[in-house]
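**Q** One structure follows; several queries about it will come next.
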Amino acid sequence: MTHPVHTPVVAADGGLLRFPLADLLAGRPGSMRVELTDAAAAEPWLTRLVGAERALEALTAGHVDVPARPEPATLALLLWARRWWPASPALGVPSLDPALLELEAAVATAAVEDVAEGMLDGFEATAGELFDAAAEGIAATAVAEEVRGLCRRLSAWFDDRDDVVRAEAAATLADTAAPGQRAYALAAGAEAPVAGAGVVAGGRASVDWARVPPGVLDAAEDTVTWRIVAAPTATRLEVEVAGAFADAVLTAFATQDGEVVAQVPLHLGAGRFAGAADLAGAVPPVHIGLVVGVTAESVLGTTREDRAEVVSLVRAREEVPPEARTLAERAAAAGEF
């Protein structure tokens, strides 16, 4: 099974549209696969999206590979970036403003609806909901005029659908969008574990992107340091996660032989998360594993190889023309992250 980090997807009513990540990041969406989960629900929009002949093929086989439509391809890339973009100053990958991504996703969602109305029924967020989220935190930076243009497009789209309140809100935002800069916590590099009095063990670990919220931690490897400190009163596990962009509820789980032996609540500090917890028992578990974030078995985790491949593809976007990049990327470049 291909991990979702490698496959941008749009969840449609009765189906899924999947795109090769390398194609989207290269600015050349070549093909898309339409997989049906409910043929009856998908049939009303399927023909409008892929044509009668390919729609029949999909209804017969349950799936079809067709040339990518630009509207869902754009939406798939933006949704992927909201979840998986590997922001890391250490790797030369900028953080993307979530409000700008949501504004772009609102416009892309509206464009998909224009191509195949009803396709996104029950979708994770409507164009209106995405716009509402974006409007609360727009940071236009040096691309304010592009923000105004997107807001004007949305205002007209909402007006056509008699959503007067959002049409007026989008028009107002178009008139008031001005340069600004969203503030992020500095992402500091990880320091090597420091030996000291009572330190009986220490090591490094990497953050699995699938187990933490998006846009919170530096995507680089080996940003987690831990050490076990023995003291007369208690044995303590100390954990630091370098590279913080935003606050979140995070916990580090220490494991030994597959069993969780300690939970360390992590708190945001100066560009990093840190925390400590006492270890039960007289003898500390010297050989431990460390997981930051959700440990549920239902989470499909990423491997070091998964992450390296994605970072490589994202960094290659430096060769993609600016007009083929997202507005959020252009804003980050203009802000000289």
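**Q** How many residues are on the phi > 0 side of the Ramachandran plot and assigned to a helix (DSSP H, G or I) if we restrict to region 95-141? Show your work before the answer.
**A** The initial filter retains those residues of region 95-141 that are on the phi > 0 side of the Ramachandran plot, namely 118, 122, 141.
Keeping just the survivors that are assigned to a helix (DSSP H, G or I) gives 141.
Here the count works out to 1.
**Q** What residue, of 43, 35, is at pLDDT 95 or above, outside the structural domain of residue 308 (by TED's automatic domain parsing) and more than 19 Å from the chain's Cα centre (by Cα)?
**A** The match here is 35.
**Q** Working only within region 47-59, note down all residues that are without any contact (Cβ under 8 Å) to a residue 60 or more places away in the chain, surrounded by 14 or more Cβ atoms within 10 Å (Cβ to Cβ) and not polar (S, T, N, Q).
**A** Going residue by residue through region 47-59, those that are without any contact (Cβ under 8 Å) to a residue 60 or more places away in the chain are 47, 50-59.
Filter again for surrounded by 14 or more Cβ atoms within 10 Å (Cβ to Cβ), leaving 47, 50, 54-59.
50, 54, 55, 56, 57, 58, 59, listed by residue number.
**Q** Residues that are in a helix (DSSP H, G or I) and crowded, with 20+ Cβ neighbours inside 10 Å: does region 6-20 have at least one? Walk me through it before giving the result.
**A** Of all residues in region 6-20, those in a helix (DSSP H, G or I) come to 6.
Narrowing the set further to residues that are crowded, with 20+ Cβ neighbours inside 10 Å leaves none.
Within region 6-20 (the criterion being in a helix (DSSP H, G or I) and crowded, with 20+ Cβ neighbours inside 10 Å), the answer is no, since none of the residues qualifies.
**Q** If you go through region 290-309 one residue at a time, do you hit one that is closer than 30 Å to residue 7 by Cβ, basic (Lys, Arg) and either without any contact (Cβ under 8 Å) to a residue 40 or more places away in the chain or buried (at least 19 other Cβ atoms within 10 Å of the Cβ) (or both)?
**A** Looking through region 290-309, at least one residue is closer than 30 Å to residue 7 by Cβ, basic (Lys, Arg) and either without any contact (Cβ under 8 Å) to a residue 40 or more places away in the chain or buried (at least 19 other Cβ atoms within 10 Å of the Cβ) (or both).
**Q** Exactly one condition in (1) closer than 22 Å to residue 332 by Cα; (2) within 18 Å of the chain's Cα centre (by Cα); (3) in contact (Cβ under 8 Å) with a residue 60 or more places away in the chain is false for residue 27; which is it?
**A** Just one mismatch for residue 27, condition (2).
**Q** Residues 323, 305: which one is under 19 Å from the mean Cα position of the chain (by Cα), assigned to a helix (DSSP H, G or I) and among the acidic types (Asp, Glu)?
**A** 305
**Q** Does residue 59 satisfy the condition of being outside any loop (DSSP other than H, G, I, E, B), of a type outside the set (S, T, N, Q) and closer than 30 Å to residue 333 by Cα?
**A** Working: outside any loop (DSSP other than H, G, I, E, B): yes; of a type outside the set (S, T, N, Q): yes; closer than 30 Å to residue 333 by Cα: no.
When the stated conditions are applied, residue 59 does not pass them.
**Q** All but one of (1) of a type outside the set (Gly, Ala, Ser); (2) assigned to a strand (DSSP E or B); (3) under 29 Å from residue 151 (Cα atoms) hold for residue 64, so report the exception by its number.
**A** Against the list (1) of a type outside the set (Gly, Ala, Ser); (2) assigned to a strand (DSSP E or B); (3) under 29 Å from residue 151 (Cα atoms), residue 64 comes up short only on (3).
**Q** Evaluate the following for residue 311: is it touching a helix residue (DSSP H, G or I) at 6+ places or on another chain (Cβ under 7 Å), aliphatic (A, V, I, L, M) and within 29 Å of residue 89 (Cα to Cα)?
**A** The answer is yes for residue 311.
**Q** Say we look at region 87-141 and pick out the residues that are buried (at least 20 other Cβ atoms within 10 Å of the Cβ) and β-branched (Val, Ile, Thr); which of these is modelled with the lowest pLDDT?
**A** 141
**Q** Shifting gears a bit: Of the conditions (1) in contact with a strand residue (DSSP E or B) (Cβ under 6 Å, 6 or more places away or on another chain); (2) buried (at least 17 other Cβ atoms within 10 Å of the Cβ), residue 31 fails just one. Which one is it?
**A** In the conditions (1) in contact with a strand residue (DSSP E or B) (Cβ under 6 Å, 6 or more places away or on another chain); (2) buried (at least 17 other Cβ atoms within 10 Å of the Cβ), residue 31 misses (2) alone.
**Q** For region 234-264, name all the residues that are under 23 Å from the mean Cα position of the chain (by Cα) and either farther than 24 Å from residue 99 by Cβ or surrounded by fewer than 18 Cβ atoms within 10 Å (Cβ to Cβ) (or both). Can you show your working first?
**A** Narrowing region 234-264 to residues under 23 Å from the mean Cα position of the chain (by Cα): 240-253.
240, 241, 242, 246, 247, 248, 249, 251, 252, 253 - these are the residues of region 234-264 that are under 23 Å from the mean Cα position of the chain (by Cα) and either farther than 24 Å from residue 99 by Cβ or surrounded by fewer than 18 Cβ atoms within 10 Å (Cβ to Cβ) (or both).
**Q** Identify, from the list 332, 276, 246, the residue that is in contact (Cβ under 8 Å) with a residue 12 or more places away in the chain and in a loop (DSSP other than H, G, I, E, B).
**A** Working: 332 fails: in a loop (DSSP other than H, G, I, E, B); 276 fails: in a loop (DSSP other than H, G, I, E, B).
Among 332, 276, 246, only 246 is in contact (Cβ under 8 Å) with a residue 12 or more places away in the chain and in a loop (DSSP other than H, G, I, E, B).
Quick grid of which residues meet (1) of a type outside the set (Asp, Glu); (2) assigned by TED's automatic domain parsing to the domain that holds residue 29; (3) modelled with pLDDT of 90 or more; (4) within 23 Å of residue 218 (Cα to Cα):
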| site | (1), (2), (3), (4) |
| --- | --- |
| 241 | yes, no, yes, yes |
| 268 | yes, no, yes, yes |
| 283 | yes, no, no, no |
| 287 | yes, no, no, no |
| 293 | yes, no, yes, yes |
| 296 | yes, no, no, yes |
| 311 | yes, no, yes, yes |
| 321 | yes, no, yes, no |
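The values are calculated or read from the model by the stated rules, or taken from the named source; none is laboratory data. Predicted model only: the values in this text are computed from it and were never measured. All Cβ positions, even for glycine, are placed from backbone atoms using ideal geometry, and neighbour counts span all protein chains on display.
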